[in-house]
Amino acid sequence: MNDIQMVDLKKQYLNIKDEVDEAVLDCISSTRYIGGPKVEGFKRDLESFLDVKHVIPCANGTDALQIALMALGLKPGDEVIVPSFTYVATAEVIALLRLKPIMVDVDPDSFCITPQIFESAINPKVKAVVPVHLFGQCADMGGIMEIASAHGIKVVEDNAQAIGAYFTDSSGQRKRAGTIGDIGCTSFFPSKNLGCFGDGGAMFTNDDELATSLKMIANHGQEIKYYHSVVGCNSRLDAIQAAVLGIKLKHLKKYSEARISVADYYDAAFKDIQELTTPYRSPFSTHVFHQYTLKVAGGKRDALRQFLQEKGIPSMIYYPVPLYKQKAYAQFFNGNELPVTEALSDSVLSLPIHTEMDEDTLVYITGAVRDFFSA
Ligand SMILES: *Cc1c(COP(=O)(O)O)cnc(C)c1O
């Protein structure tokens, strides 16, 4: 068994090559490289897929988070609650805007912040919270929204890993991940569940005023060309990337299903291994498995990773270091280690998962994992 990858973008491309090539060539020959029909078309298609009023495309997921925080009108020194167990971008934009990240612990099962964790970190300076729908499953947005609105706190969902997931609220209504808070942000980085062939990102909102503001900030703070009413930035989704995304969005439902069936296969193969905890399945969110992340008990994580590597099976540790232990973010650390984040950093292991995984590969990977624990 050779050439197993965490994500197999080549096989995915080959399966949609004709459609994608046509859309990209069409864009190239149109010479509409900035804005234009491909960007507009994708924006509308994504609005209808997500059932959200406004999608504002931008250059990448990190920009989306930054522009979202800028649109909320936060002032330097305002505090923003963020999980300590996430990709750096979530906290980076907060620090960059001279806001103060309050890094909180996460739930050991879902890897996301909970309403209780959020509520206990609130103080009068907290003006926003950024729940991260980590690995493809939503945080408990029902409880988070209730607490946020009671305290006048804005909610920016970091939905870079959970596009397409459904959240079910207490009234039984299903909403797409990223469309529940004031603003949702996503990334179209190639390995994300909806990825383009380079960088890309988008913001979602149902609020007309916020939509105007997001659009303006992403476009040099101008609503009318050469008239700048706020300090903005330059963050655009390339038309060629929009052309790719327009095609891939049509396959996203099928792609999510493929990821879920890989996860189901892994779950079944690992369910009797004492030292492994398979991913938690939330009662209020579907899981689109951006990552399939195991918890490995007994300090065996690194040995398992090594064993798999020797058999040609890649695996990754998302994330090996809590944010507050990163050099750049240590300045925001209050000295209290967060026990769940610490434990997860030492025990999580993500296995290969993507949209084109075949049964032979799954048999091989699960066989190797089982061999490790039976040895
Ligand atoms: C990928 C990712 C981002 C950043 O997206 P980019 O497009 O790489 O800037 C932000 N947050 C999370 C949780 C991510 O996984």
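The values are calculated or read from the model by the stated rules, or taken from the named source; none is laboratory data. Given the structure is predicted, the values throughout are model-derived calculations rather than measurements. In this analysis, Cβ positions are derived from the backbone assuming ideal geometry, glycine residues included, and neighbour counts consider all displayed protein chains.
Here is the figure for region 198-213: residues that are within 16 Å of the ligand (Cβ to nearest atom) and in contact (Cβ under 8 Å) with a residue 60 or more places away in the chain total 6. Among the residues that make up region 89-109, is at least one of them among the basic types (Lys, Arg) and at pLDDT 95 or above? The answer is yes, given that some residue of region 89-109 is among the basic types (Lys, Arg) and at pLDDT 95 or above.
Please count how many residues of region 48-73 are touching a residue at least 60 places away in the same chain (Cβ under 8 Å) and more than 15 Å from the ligand (Cβ to nearest atom). Total meeting the criteria: 10.
If we scan region 236-250, do we find a residue that is touching a strand residue (DSSP E or B) at 6+ places or on another chain (Cβ under 9 Å) and assigned to a loop (DSSP other than H, G, I, E, B)? Checking region 236-250: at least one residue is touching a strand residue (DSSP E or B) at 6+ places or on another chain (Cβ under 9 Å) and assigned to a loop (DSSP other than H, G, I, E, B). Summed over region 181-204, the residues that are surrounded by fewer than 24 Cβ atoms within 10 Å (Cβ to Cβ) and among the polar types (S, T, N, Q) give a count of 1. Here are the criteria: (1) touching a strand residue (DSSP E or B) at 6+ places or on another chain (Cβ under 7 Å); (2) assigned to a helix (DSSP H, G or I); (3) farther than 28 Å from LEU194 by Cβ. Tell me which single one ILE102 does not satisfy. Exception for ILE102: condition (2).
Taken together, the residues in region 343-375 that are touching a residue at least 60 places away in the same chain (Cβ under 8 Å), of a type in the set (Gly, Ala, Ser) and farther than 20 Å from SER256 by Cα amount to 3.
Of the residues making up region 177-190, one or more are more than 15 Å from the ligand (Cβ to nearest atom) and aliphatic (A, V, I, L, M).
Screening ALA95 with (1) in a helix (DSSP H, G or I); (2) in contact with an Asp or Glu (Cβ under 7 Å, 6 or more places away or on another chain) gives one miss only, at (2).
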